[in-house]
Structure formats: structure tokens, C-alpha cells
1. Would you mind telling me the share, in percent, of accessible area of the chain contributed by carbon and sulfur at probe 1.4 angstrom?
2. State the extension gain, in nm to one decimal, for the chain segment bounded by Glu19 and Arg307, taking 0.36 nm per residue of separation less the distance between their alpha-carbons.
3. Considering the options Ala131, Ser274, Leu64, tell which one lies farthest towards the positive end of the dipole of the chain, charges being +1 on Lys and Arg and -1 on Asp and Glu at the Cβ, about the Cα centre.
4. Using only Cα atoms, tell me the angle between helix 142-154 and the longest principal axis of the chain; keep it within 0 to 90° and round to the nearest 10.
5. Let me spell out the model: positive unit charges on the Cβ of Lys and Arg, negative unit charges on the Cβ of Asp and Glu, origin at the Cα centre of the chain. What dipole size does that give, in debye rounded to 20?
6. So for the chain, Kirkwood radius off the Cα pairs, Stokes-Einstein at 37 °C and 0.692 mPa s: how many µm² s⁻¹?
7. Once the whole set of protein chains is in place, how much accessible area is left on Tyr20, using a 1.4 Å probe, in Å² to the nearest 10?
8. If r is the Cβ-Cβ distance from Asn199 to Ala54 and R0 is 41 Å, what FRET efficiency results, to the nearest 0.05?
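The values are calculated or read from the model by the stated rules, or taken from the named source; none is laboratory data. For clarity, every value in this text was computed on a predicted model and none was experimentally measured. Glycine gets a Cβ as well: all are built from the backbone with ideal geometry, and neighbour counts include every protein chain shown. Ligands, DNA and RNA are excluded from the accessible area calculation, which covers all protein heavy atoms including side chains. Shrake-Rupley method; radii C 1.70, N 1.55, O 1.52, S 1.80 Å.
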Amino acid sequence: MTEAHALAAAFAAMARLDEYTRHFRNPEIARAWFARSETLAVMQASEGELLQEATLCHLLIDDLYELSTLKQRLAPCIHSAILRSIAGPASDEDPLDWIAAIWGESERSNRHRDVGAAQWRHEASINEILAPIRSALTTPTPEVVAECVRQIWVGRAFDGRGKRMALLLAPFLIQRAFKAPLVQCGLARALARDADRTNEAVVDAESWLLHFYAAVEESASRSYEALNTLARVKADLAALLPRERETSRSGPTIELFLQRPIQTAQDIAGAIGSSDFGARLIIDKLIKAGVITPLDGSRQNRSYICRKAMAA
């Protein structure tokens, strides 16, 4: 495939995803799915950690989840950094401060670092790659963004974790490059699928451009299919509740599990604005309907899982 054909295919995939996203009824569910999915992909691509989604969900509840390893405890930090990235800089925020904040979020699990020295290193890292970052922010064409991602990836900035930082910034930069402001699309999974080919392409600007466009097309297509699946899963879960059992808070509770497939009883009560007793009544109905399954924990704050939401 030529570079022109690859770019056209990437634009087409992004345009289709952007149009579907505009009409997707639950953007918060889509955003939560993307953040979880991209966190798992970044953990594999940049940290070499094949993390299970159930473990990630537990870590999002408690970042010191007792069954996790030290490396796995990086995952909620990556998750926070991805949410920060797709939100973009605030209207009054210096983009370079925003980039430093993303990096700081991703490093939050390193509880023993010298905060002052780390902040200085972050600022030095940004200055080291200032030119490509400024170019990507001021002239966000696909070619400029692709080269910015490449230079961050291969550079020595960010304490030698340029690959991670490139993947964290990619969702926002892709939005701007392909003029799709509502799209949430990352590169980690597509680039990790053939790591050897990615490692070969990233060292050469011309080879990288074609590889980058192909990864954007693949990622946008996967996100489009995922949104379709999420819509079907939500309808299927709602259909499991007979009309006579359905309450006004059953729907919001199902949406809560679609945003994070593992929830605690306290999380549910707080999110739907219910008492602990009221939350337990809804939980019992969802269990009987086969929507969720109880996991560990005491009766007062047991965890529950919606496996159908994880399949999405």
C-alpha cells in the first residue's frame, strides 16, 4: 500500500468513527471503555506487562490491590494519564504544563522518587523535544503528528520512557491530526501487535509514516466495532431484567458496570444516590437476573462483576 492510500484509509476510518461517536448515546461509557482498553495496551506495549482486565478494575478501586505486583500497580497511573490526555489541555493551561501533568500522572506509583528532581527531569525532557511537540500542537497535520510521536518514542527524554509517553500523547494528537475531536483512538494495541515490525519502522521516518497511518486505521476500526459491541451489550443486559423487576435505578446501575465491570456495594450506592439498603436491593435483582456475579469481600462492601461488560 502506498503512503497516500494508507493516509486515505486512516482518514476514512477516523471519519466513520467520529460520525458514530457523535450519535453514541453514552459517551461516558465509551470513554471508560477506551481508557481501560488503552491502559491494558500501553501496559503491554511499553511495560511488557500482560495485565488482565479484572486486575485493572480491582486496581482502579484500590491501587494497592493485594493480589497485584509492583509493576501492575502502575496501571491505575497509566489509566489516569490516558484520561488526562484525551481531555486535552484546559483553555487556560499551557500545553507544556499539560504534558508534564500527563507524565506526572503516569509516574505516580513511584512513591519513593525525589519529587523535585523528577519535576526538573520532566521539564528538561519537554525542552529536549520541544520543537516536535510545538509543531504537533501548532500544525497538527498527520505527517507532523506522526513524526512527533516517533521522535518522542526514540528519544531519551522522560527518564528513558519515551515509548510510554508517545503512546500516552497519541490519542489527543490523533484527534487533532485527523480533525476528529470526539474520537478516542490510541495506537498502543495496533503497534504492539507486531512489535518487531514497529521497532524496525520507528527508526526510519519514511517507514514510520506508512506504519503510523496503518496503525491509526486499525485502531479507529477497532474502536468503531467496540462502540457497536458496547451498544449491543447494554441492550442485552437491560433485556435480562424483566419489566416487573426493573426499577428506575437499574438502568444507571447497568451503565455503572459498563463503565467499570467490577464495582463495590459502596461504589454503587454512592453513584446512584441510594442508601446501602437500597443499593443491596438493586444488586440482588441484578444477581438474580444474571447481570452481575458477587466476588470477594464482606456483605457490607462486597465486589461484583459484570462479565458481559468485560467481554466488550
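1. Carbon plus sulfur share of accessible area: 50 percent.
2. 100.8 nm
3. So the residue furthest toward the plus end is Ser274.
4. Approximately 90 degrees, to the nearest 10.
5. Its charge dipole is roughly 1080 debye.
6. Rounded to a whole number, D works out at 160 µm²/s.
7. The accessible area comes out at roughly 60 Å².
8. The formula returns an efficiency of 0.85 here.
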